[in-house]
Amino acid sequence: MSDTSFDIIIIGGGPGGYVAAIRAAQLGLKTAVVEREHLGGICLNWGCIPTKALLRSAEVYRNMKHAEAYGLSAQGIGFDLSKVVARSRGVAGQLQAGVKHLLKKNKVTVVDGHGKLAGRGKVAVAKDGKAVAELSAKHIILATGARARALPGLEPDGKLVWTYKEAMVPDVLPKRLLVVGSGAIGIEFASFFNALGSDVTVVEVLDRVLPVEDEEISAMARKSFEKQGMKIRTSAAVKGLTKSANEVKVTVEASGKTEEFVVDRVILAVGIVGNVENLGLENTKVVVEKTHVVINPWMETGEPGVYAIGDLAGPPWLAHKASHEGVICVEKIAGQNDVHPLNIRNIPGCTYCHPQVASVGLSEAKAKEKGYQVKVGRFPFIGNGKAIALGETEGMVKTVFDAKTGELLGAHMIGAEVTELIQGYMVAKTLETTETDLMQAIFPHPTLSEMMHESVLDAYGHAIHF
């Protein structure tokens, strides 16, 4: 490389890194991104985007099987798993090309290779074990993301025991499938394979599925999953996997009792660990706790001029959180006056299972734990005209308010398209609206969003349609 000096170098080109790079370039900072594998990171290539393509195929297939309910006729319904996977990979490929174009458009230098800190203000880049370049910059942002966690005795082998990567490009449809972990990743894969006909068992060590969600929403989700044919084991732990040529014997322990059964494949979805290895952190003041880099509200590490964003820097493990952190980080570096620290309570979370789940802010239980007196509103999908017209009457919208101030503390949803609806409450929280603002807002009819209005009204005893 002829030019190796920059204002900012970002190690990692995922949703945190590439967004930070584009914003830095917009602010007039000479910027480079070092990426060892693929632009867009795990989210675009092996996570958020391709899984949504898989789940969309499952959704269309599910609707085709219920065509008669809509007065339609569909004969010979089936699917080609290889084509479902190919479509998913094609979507990821299209978007990766889009990220490459955006970086080029914004004049961001992209360096192909593995980057690591090599002294104050320096980054060494290597490819296939060979040195590529040594870059320098006053500011270096670590955005190396994370990878799937493996538990002792449950290590993935890529054949019978899968991580998300193998689950995303299956060569066969497992007749019997075990999913270990019922967070967003585990439940999305469980939903996908269940829709295509796999006999799915989900094992969760905590006492409920989707454990970060409001308890009422978790309970509704479990009821729906079991109605669809999934087997759910909560407060349970996988104690062993015994592999044979083409199947796995599973030992599960719950409430002191042991259960054994056989599956064709196992998907591990038990969390992530940060990619902190081989980053040159050893001789720096960067602090690592439980595989994640410790940062302050401005994404600064303990080492001057070194920052960390995204999954590398801790929860929540969400692409939009990583992107927002990247923007905050570079705007602060650039001296922008209107930068605000990240408010984790305003970060929405979405799970694209069937039915969908989405939330923002505090659950009812968490709000009470923090000492709030609360007002809680609910509205069921069955009471909404648009939901009935869509044939999607399963679900609920729940809102939690501070009884003293009217502050919206949290919103929780389960049902069709709630991952699109949740942004309304996110905007409301960001703008610090009160119950009065939300009750006076006019929602269009007929829409699913009317349930958001009715839930607010219900919290204060004013619901019209319930």
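Shape class of segment 189-250 from the Cα gyration tensor (axes a ≥ b ≥ c, square roots of the eigenvalues): oblate, since a/c reaches 1.5 or more and a/b does not exceed b/c.
Here LYS100 is the anchor, and the lysines within straight C-alpha reach of less than 20 Å, apart from those fewer than 8 places off in the same chain, are LYS30, LYS127. Model label points for LYS130 and LYS239, set 7 angstrom from Cα along the Cα-to-Cβ axis, are 5.3 nm apart.
Highest mean first, the peptides 240-253, 384-397 sorted by other C-beta atoms within 10 Å per residue fall in the order 384-397, 240-253. Just check segment 248-379 against the gyration tensor rule for me: Cα atoms, a ≥ b ≥ c as the square roots of the eigenvalues, rounded for a/c under 1.5, and otherwise prolate or oblate depending on whether a/b exceeds b/c. Oblate, since a/c reaches 1.5 and b/c is not below a/b. The helix-only estimate of mean residue ellipticity at 222 nm for the chain, built from DSSP H runs of length n ≥ 4 each weighted as -39500 (n - 2.57), is -9500 deg cm²/dmol after division by the residue total. When the Cα atoms of the chain are aligned to their principal axes, the ranges along those axes come out at 65, 62, 48 Å in descending order.
With all pairs of separate Cα atoms included, segment 161-270 yields a Kirkwood hydrodynamic radius of 13.9 Å. Placing +1 on each Lys and Arg Cβ and -1 on each Asp and Glu Cβ, with no other charges, gives segment 161-270 a dipole about its Cα centre of roughly 320 debye.
Cα centroids of segment 135-162 and segment 186-257: 24 Å apart.
If you take the charge dipole of segment 297-451 about its Cα centre, with +1 on Lys and Arg Cβ and -1 on Asp and Glu Cβ, which of HIS320, GLY415, GLY377 is farthest toward its positive end? Checked the options; the winner is GLY377.
Prolate is the label for segment 355-459, because a/c, from the alpha-carbon gyration tensor with a ≥ b ≥ c as root eigenvalues, is 1.5 or above and a/b exceeds b/c. The phi torsions of segment 439-448, fed into the Karplus equation with coefficients 6.51, -1.76 and 1.60 and a -60° offset, translate into couplings of 5, 7, 5, 9, 9, x, 10, x, 9, 5 Hz, rounded to whole numbers, with Gly and Pro shown as x. Take every DSSP beta bridge whose two residues both sit in the chain; close to 65 percent of them are antiparallel.
Between the listed residues ILE141, ALA245, LEU448, the Cα displaced farthest toward the positive end of the dipole of the chain, a dipole computed from Cβ unit charges relative to the Cα centre, is found at ALA245.
Residues within the reach of a label modelled at SER5 (point 7 angstrom out along Cα to beta-carbon, backbone nitrogen below 18 Å), restricted to segment 120-162, are 120-124, 133-140.
None of the figures in this text is laboratory data; all of them are computed from the coordinates on show. Given the structure is predicted, the values throughout are model-derived calculations rather than measurements. Cβ coordinates were reconstructed from backbone atoms using ideal geometry, including for glycine residues, and neighbour counts include every protein chain displayed.
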